[in-house]
Every structure is written in structure tokens, then in C-alpha cells.
Amino acid sequence: MSNFNRRQFLQAAGAATACAALPRAASANTYGRVVVVGGGFGGATVAKYLRLWGGDVQVTLVEPNPTHIACILSNLVLTSALSMSRITLGYSALQTNHGVSLMQGRAIAIDPPGKRLTVQTPTGQESLDYDHLVLAPGIDFAPAPGLWDPNLTPHAWQAGEQTTRLKNQIAAMRNGDRFVMTVPKSPYRCPPGPYERACVVADYLKAKRRTGAKVIVLDANPSIQAEPEAFGRAFSDTHRGVIQYFPNAQVQSIDSASRSIVTSAGTINNATVLNYIPNQKAGAIAALLGVNSTGFVPVNPLTYATAISTIHVIGDSCAVPASDGKAVPKSGHMANSEAKVCADAILRALNGEAADQNIATSSACYSPITARTASWLSANFIYGDIYDANGKVKGKGMHRLDIGEAPGQRVNNDSYQEMFTWADSLFADSFV
Amino acid sequence: MPFPSKTISLIALSIGTVLGSTPAVAQVPPGRMLASQCAQCHGTNGQGPGFEELAGKSANDLYGDLREMKLRPVEGIMDRQARGYTDQQLRLIADYLSTVTPSGNAD
């Protein structure tokens, strides 16, 4: 030990400094400040589980809105089957049940060396010091080609006011009218969501006896991206004559004023309703950490850390390393799943421990096909080798172990009822 | 620069002592994070609300059910979800959930 060189001494001195901070940790875990940005499924869940598992770790959730309006079940708000209040989730239980601190505001800047976040609040700017920062801002939209005004031609891909706008436009449709929607290029939030929307809007128009009314689906992708059997049957059978599906329809320009859209598969002028769902990318605050070619932030699958080990990105904004063609889907359920892995890894890091490698993540969801029937989708991932398109190991990541949709006979009313059990459980596990 | 060997050994000792007395990670039950993947549909800690409550069920029953669902032809969604875990992981999940106190709200 006596022949340590100067560099080793500095490292040891660093260890001694870290050590000096540890007695705080020893006294009932009064260590650790974690700031979470974004109060959707990922952000709410990571805040909750950090407190649930982390003793006295301090958690502050930064979110501009007073409530979260879930995209989950929001297609049923479009058809008036559910009210907006049914999918509106508050933050009070995170405070009262779990001791999460809330700051209403928008994160605008990060100082990684200083471990400090700047938040724009209604009354000014505030700074929050952190040991770990978790960013869960959800999606942003890629720029639209042409003249897109979401007030005129709503996306309704972030639920709330947009959902109400689209709902009112659908309610105003009459005989022979055309509902035209786009499916964004993958990866996008909720792979089954656009196809589900096409189904429930078609079902609504039939129930309202809107003779000759059509749902026209312009898919930027070469095929249906989720539950191809259930949605394929729905398009060609259940909603035959109402839904018209066009693959490989990449949007070249849009004009909201005339509700016209030009795609690589054809042009539609003067749609009655134009539901343009744009291509997607990481939320702006997460994108500061650097994005990949698809616009999302690469993360370590064991910790959800970015290139900066104390800054994590979970949920729709992150890009998890996965086998080619077996991407981890962007969904509220998956964001909840990733949040738990991230929370566990942060708590271990605060204790100087390495992340657990025996991990699994999952997604499951139910998709209404009509006002009485639903399908489901299930996908599971475990940490380990991931593979390229030729089956060669390309590294470590979340390998998709299983995926599948409901067998045909299970696309039924039982599944429709189970959909609400699933949603309410997921809402509670994330927000209560 | 001669490094004071006594100091470094003291530091090493104090690191060991402090880490040894830090409870959080040492007490993390194996299977807790894996079992948290059940919570989206069965409630936090398997205590509901959601599909059937899992908290406090017999570990052998849970493991047996999960293995059966994993191996039988797919009918329901759990037959798929059970395929997403190794047998060792299913055992850890079952063992953890068996240690959780039931909510008292079971039907």
C-alpha cells in the first residue's frame, strides 16, 4: 500500500470523500434526492416505487399539469362510451400515500456536472438539486410536412383537450362522411392504438347509422404493427365496408384548413375529419441527452441510465437495446414496467451496489374492437443477449422472450370486461 | 508521495462498516422487482385492485400455477405472460409473493 502513486491517491481520496457522505446513508436511508420529470405512467410509477422501496429517499415529481389524462382507454372517450373523468388521474395519492413531493412546472434545463434541474413554474424559475434525475416526458411530435394545425385536425395522441376536439368532430359526422386517420411510422406510442381507434370509430358510425360513412386508415408502415390477426379480421370482416386500410402511406404533406393529405399511397382532399397522428420522437427535455436515428434516447437496459450515469430516461422517450425486429413497445404498461427496474437500480446505486441483472419487463393491453368486444396483446422481455436480423448476438439488452395476441375466440365480451380490470389495476399501481 | 498505510486501512475499514450497516439493499428480498411486474394487473405487491389477488398465496401453488400456464396451449393472457420468465424467475416471484401480507380485501 505504501507504493501508491499520485493517481491512485486521488482515487482513494475520492473514495474517502464518498465515504464521508455515507454516514447519512447509514441512518435510516436519509440519503438520496431523486427528481422525476413527467407525471405519466413512467414518471408516476418511478416516483411511487422509489418511495415504496427506498426508505427515506427524497423524491420530487415535476409535472406541468395538475392531473394526468391517460391515453389508455381514451379511444372510448372519443366515442362517448367513457367520460374524460374516467381516464383522469391525480397526483394526491402519490403525496399522501407515498410522500412524493410535487412541483408543478416544466423542466427546462439540466446542469449534469452540478446535478441541478431548472424548472419553470407558474411563478418563476426554481432549481432542484438531485443525486439521480429520471426523465419521463413521453413523446413529442416530429415536424409535420405542410400546414398542420392540431386545433383543426387533432392528433388526440396525447389525451385531454385534443381528445375532446376529435370526439366533437366525430359526433358531428353525417351519412357519407369520411374519417381519415394516419398511423405514424414505427416506433410510436402504443402500437395497437391507431388500429383500435379505427375500429371503435367505425363501430360508432355504424351504431349511429351513418350510412356510407367511412374510416380511411393511412398507415406509414408496410403492415399492421400490432395484433395483425385481430385487426386484420376487424378490418376485413367485422368492419368490412366501413374501414379502408392503406399500407405504405407515408405522409408527404398535410393541409389542415382544407383537411387534405398527400401520402405516398394517394391523396385525400376535403376529409370530413382528418385525424393526423404525426411521427414521434423523445420529449424535448430527454432529447437533450442525445437521440438515436429514430429520435429516441439510448439507455442502459439495467438502469435506464443515459450516457450520463445519474440521468435516466424511461417510458416512451427511451430506446432500449433489443433484438432486431423485436423492439420494446412504447406503452403506459411498459413505462410502468421500466420504472420499477429504474427505481431498483437507483436505490442500489445510492447504496453503492451494482444493478440487478435478473430482470424482466412486460407489456400487456386490451384493445376494443367494437363497443362490446376487445382483443389483447402481451409481450415479455428479459435481460440477456440480443440478436441482429441474422440471428447473431449483437450485445446485451432486453430480449423479447414472448409475444402474442388473443386467440380469435378470445376477442369477445369477456376480454372487453377484463380491459377495465387491467386499466384500473394499472392506474392504481402507477398513481395510487 | 508516500501514502499513509494506516489511513487507507482505516478508510477501508470504515467503508466496510458503513456499508455493512446500510440496510436498504442488503434487505432487498430476491424476487421483489420481478414480482413487481405482476402488479400492473394484480395490484402493488399483488394486493389488488385487479385480477385475482396474489399476496400471501402459497409459494408452491403460485409456482405450480405459473408453470402450468407457461406450458399449456395459449388460451388466456396469463398463458402468454408466464412464458416471459425463466422457471428460476417464476420461483423467485412465487416465493416473494407468498411472503406479502394479503390486503384483506379479497373476495
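The values are calculated or read from the model by the stated rules, or taken from the named source; none is laboratory data. Note that the structure is predicted; figures quoted are calculated from it, not measured. All Cβ positions, even for glycine, are placed from backbone atoms using ideal geometry, and neighbour counts span all protein chains on display.
For this structure, a couple of remarks:
- Checking each residue in segment A:374-398 for being in contact (Cβ under 8 Å) with a residue 40 or more places away in the chain, of a type outside the set (D, E, K, R) and surrounded by fewer than 21 Cβ atoms within 10 Å (Cβ to Cβ) picks out A:TYR383, A:TYR387, A:ALA389, A:GLY395.
- Taking the listed residues A:SER27, A:SER2, A:SER74, the one that is polar (S, T, N, Q) and at pLDDT 95 or above is A:SER74, with no other qualifying.
- Among the numbered conditions (1) among the basic types (Lys, Arg); (2) over 25 Å from A:GLY391 (Cα atoms); (3) in contact with a Lys or Arg (Cβ under 8 Å, 6 or more places away or on another chain), the only one that A:LYS326 does not meet is (2).
- For segment B:56-75, filtering for residues that are closer than 18 Å to A:ILE403 by Cβ and surrounded by fewer than 17 Cβ atoms within 10 Å (Cβ to Cβ) leaves 4.
- Filter result for A:LEU166 (surrounded by 19 or more Cβ atoms within 10 Å (Cβ to Cβ) and assigned by TED's automatic domain parsing to the domain that holds A:ILE346): no
- Restricting attention to segment A:352-374, the residues being over 20 Å from the mean Cα position of the chain (by Cα) and assigned to a strand (DSSP E or B) number 1.
- Check on A:VAL46, part of a strand (DSSP E or B), in contact with a His (Cβ under 9 Å, 6 or more places away or on another chain), of a type outside the set (Lys, Arg) and at pLDDT 95 or above: no
- Residue satisfying all of: in segment A:129-144; hydrophobic (A, V, I, L, M, F, W, C) and under 21 Å from A:ALA345 (Cα atoms); surrounded by the most Cβ atoms within 10 Å (Cβ to Cβ) among these: A:ALA136
Here is a yes/no grid of residues against (1) among the aromatic types (Phe, Trp, Tyr); (2) more than 14 Å from B:GLY31 (Cα to Cα); (3) assigned to a helix (DSSP H, G or I); (4) within 12 Å of chain A (Cβ to nearest Cβ):
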| residue | (1), (2), (3), (4) |
| --- | --- |
| B:MET69 | no, yes, yes, yes |
| B:VAL74 | no, yes, no, yes |
| B:ARG80 | no, yes, yes, yes |
| B:ARG83 | no, yes, yes, yes |
| B:GLN88 | no, no, yes, yes |
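- Of the residues in segment A:320-333, at least one is within 14 Å of the chain's Cα centre (by Cα) and assigned to a helix (DSSP H, G or I).
- Just one residue in the set A:TYR416, A:TYR383 is more than 7 Å from chain B (Cβ to nearest Cβ), out of contact with any helix residue (DSSP H, G or I) (no Cβ under 8 Å at 6 or more places or on another chain) and in a helix (DSSP H, G or I); that residue is A:TYR416.
- Single unsatisfied condition, A:LEU401 versus (1) farther than 15 Å from A:GLU229 by Cα; (2) assigned to a strand (DSSP E or B); (3) more than 7 Å from chain B (Cβ to nearest Cβ): (3)
- Residues in segment A:377-397 that are touching a Ser or Thr at 6+ places or on another chain (Cβ under 6 Å) and hydrophobic (A, V, I, L, M, F, W, C): A:ALA379, A:PHE381, A:ILE386.
- When segment B:30-48 is filtered for residues that are more than 7 Å from chain A (Cβ to nearest Cβ) and either in contact with a Cys (Cβ under 8 Å, 6 or more places away or on another chain) or under 22 Å from A:ALA355 (Cβ atoms) (or both), the ones remaining, listed by number, are B:PRO30, B:GLY31, B:ARG32, B:ALA35, B:CYS38, B:ASN45, B:GLY46.
- Residue match in segment A:84-95 (condition: basic (Lys, Arg) and part of a helix (DSSP H, G or I)): yes
- Options A:PHE296, A:PHE246; residue that is farther than 30 Å from A:GLY55 by Cβ, among the aromatic types (Phe, Trp, Tyr), more than 18 Å from the chain's Cα centre (by Cα) and away from chain B (no Cβ under 14 Å): A:PHE246
- Summed over segment A:362-378, residues that are facing another protein chain (nearest Cβ under 8 Å) and out of contact with any His (no Cβ under 9 Å at 6 or more places or on another chain) total 2.
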